[in-house]
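Visitor: The following block contains the structure, expressed as structure tokens.
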Ligand SMILES: [Zn+2]
């Protein structure tokens, strides 16, 4: 089997800071494209067919397919190739050195450690045996996770309607994450009618409507929290972060624009949240507080809610225990590419060695023993090739 520590060191030595955080160095570093080439060569050598999806110039998704050509069941194994920036880091970000049983560098935990674990585990699969079972592994190295999951979103265009089991690689301290919060970024335009400030009763003040809307929105979220409190991922929440409206102090405000994010807890869904907000806005209109409204969604990350008794969770827990790890099941409050894939996939989990606490931090490392064991656990999911 390939040595996962060497693969990770190679990946860390290729700077792939997400371009908006790389500044002037973005072009020189080459970033996601260079990591993509490494992933492609590695997976090709292991017998996978590689397809490139260019999401933006120099910013690919690398899609590596192994196993059955026309699979009945598709495993999607996905990890992101971009990292956050390196400002303020306390050690060399791209050295990839091992000290005190830890491999240090930007991305060691988020997400190159989990990515390397997935690559090495998949590269050791007996693809002919997998094909005989009617199964395939599609391994994706994706771009742009750190800024809105753009790579994962784009990959949906080239993925089949149904996936069987999806593993989103992220540092979970080798726990099997089967529940996570989702979130939606929403914006609403409220429409009133302007009038002179000396005769406000002749207008409909959209700013006043916004005031009532915000209070009702908070009440709606409290109600939702009573229904969907979840010990795994906490409670739903809402934050109104931007309000813009009106013309001048002496004009009744004809419009008001608000932007807010709503954190969704399973089994709630974003569609349900939107429909309840729509009903709320219709109510305000029926009361004459506004004349019209529009609700739009900027970003959609569905909550993850896979049964802890599902086949994927059980198989991964068993494989972890075989690899000498506890096989803990858990939920998380953060979001990752799993939110993009879970609506398409029968079963989805987030999994990987390393800790999210080191992601985005001034010191980033991964425990080498956990990296090796996490890789072995993943490898245990599929038939092995005898090298
Ligand atoms: Zn990540």
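Visitor: Using only Cα atoms, tell me the angle between helix 368-379 and the longest principal axis of the chain; keep it within 0 to 90° and round to the nearest 10.
Guide: Roughly 90 degrees, rounded to the nearest 10.
Visitor: Efficiency by 1/(1 + (r/R0)^6): what FRET value for residue 99 and residue 276, r their Cβ-Cβ distance, R0 = 45 Å, to the nearest 0.05?
Guide: Details: r = 52 Å, r/R0 = 1.16.
That gives a FRET efficiency of 0.30.
Visitor: Additional query: Once you order the gyration tensor axes a ≥ b ≥ c over the Cα atoms, which shape class does the chain get: rounded for a/c under 1.5, otherwise prolate or oblate by comparing a/b with b/c? Spell out each step's value before the answer.
Guide: Numbers: a/c = 2.34, a/b = 1.91, b/c = 1.23.
The shape class here is prolate.
Visitor: Out of all DSSP beta bridges in the chain, what portion is antiparallel? Express it as a percent rounded to 5.
Guide: Values: 53 of 76 bridges.
The answer is about 70 percent antiparallel.
Visitor: What is the extension gain from residue 231 to residue 307, computed as 0.36 nm multiplied by their sequence separation minus the C-alpha to C-alpha distance, in nm to one decimal?
Guide: Numbers: separation 76, 0.36 × 76 = 27.36 nm, distance 1.44 nm.
Here the answer is 25.9 nm.
Visitor: Something else: Subtract the Cα-Cα distance of residue 87 and residue 128 from 0.36 nm times their separation in residues, and report this length gain in nm to one decimal. Write out the running numbers ahead of the final one.
Guide: Values: separation 41, 0.36 × 41 = 14.76 nm, distance 4.56 nm.
Extending this stretch completely gives an extra 10.2 nm.
Visitor: If you don't mind, there's one more thing I want to ask. With just the Cα atoms of segment 2-152, tell me how far they stretch along each of the three principal axes, in Å, largest first.
Guide: The principal-axis extents, from largest down, are 50, 37, 22 Å.
Visitor: What does the highest-first list of 265-274, 286-295, 98-107 look like by mean Cβ count within 10 Å?
Guide: Details: 265-274: 18.2, 286-295: 14.4, 98-107: 19.9.
Averaged packing, sorted descending, gives the order 98-107, 265-274, 286-295.
Visitor: So, one more: Distance from the Cα centre of segment 266-330 to that of segment 24-98, in angstrom?
Guide: Here the two parts' Cα centres lie 28 Å apart.
Visitor: Could you work out the helix-only [θ] at 222 nm for the chain, with each DSSP H run of four or more residues adding -39,500 (n - 2.57) and the total divided by the number of residues, to the nearest 500 deg cm²/dmol?
Guide: On the way: 12 runs with 124 residues, N = 387.
Result for the chain, helices only: -9500 deg cm²/dmol.
Visitor: Another question, then. List 77, 55, 204 from most exposed to least, where exposure is judged by having the fewest other Cβ atoms within 10 Å.
Guide: With the fewest neighbours first, 77, 55, 204 line up as 55, 204, 77.
Visitor: At a Förster distance of 25 Å, what's the computed FRET efficiency of residue 157 paired with residue 298, Cβ-Cβ distance as r, to 0.05? The partial results should precede the final answer.
Guide: Details: r = 19 Å, r/R0 = 0.77.
That pair, residue 157 with residue 298, gives E of 0.85.
Visitor: Highest mean first, how do 40-46, 360-366, 67-73 rank when packing is the count of other Cβ atoms within 10 Å averaged over residues?
Guide: Details: 40-46: 17.0, 360-366: 19.7, 67-73: 15.1.
The most tightly packed comes first, giving 360-366, 40-46, 67-73.
Visitor: With the chain treated as a Gaussian network of Cα nodes joined by springs under 10 Å, which of 338, 249, 318 yields the largest mean-square fluctuation?
Guide: 249
Visitor: If you count, for each residue, the other Cβ atoms within 10 Å and average over each peptide, how do 170-179, 235-244, 135-144 line up from highest to lowest? Mind showing how you got there, number by number?
Guide: Numbers: 170-179: 25.0, 235-244: 15.8, 135-144: 27.1.
Packing proxy ranking, top to bottom: 135-144, 170-179, 235-244.
Visitor: Let me ask you something else. If you average the alpha carbon positions of segment 153-193 and of segment 222-260, how far apart do those two centres end up, in angstrom?
Guide: Rounded to whole Å, the Cα centres lie 21 Å apart.
Visitor: At a threshold of 8 angstrom on Cα-Cα distance, excluding pairs fewer than six apart, so keeping six or more, what relative contact order does the chain reach in percent? Please list the in-between numbers first.
Guide: On the way: 940 pairs, mean separation 93.4, N = 387.
Once normalised by length, the contact order is 24 percent.
Visitor: Something else: Taking 0.36 nm per residue of separation and subtracting the Cα-Cα distance, what length does fully extending residue 44 through residue 322 add? Numbers along the way, then the final one.
Guide: Numbers: separation 278, 0.36 × 278 = 100.08 nm, distance 2.84 nm.
Contour length minus Cα-Cα distance gives 97.2 nm.
No value in this document is a laboratory result; all are computed from the given coordinates. This one's a predicted model, so the numbers in the text were calculated from it and none came from an experiment. Glycine gets a Cβ as well: all are built from the backbone with ideal geometry, and neighbour counts include every protein chain shown.
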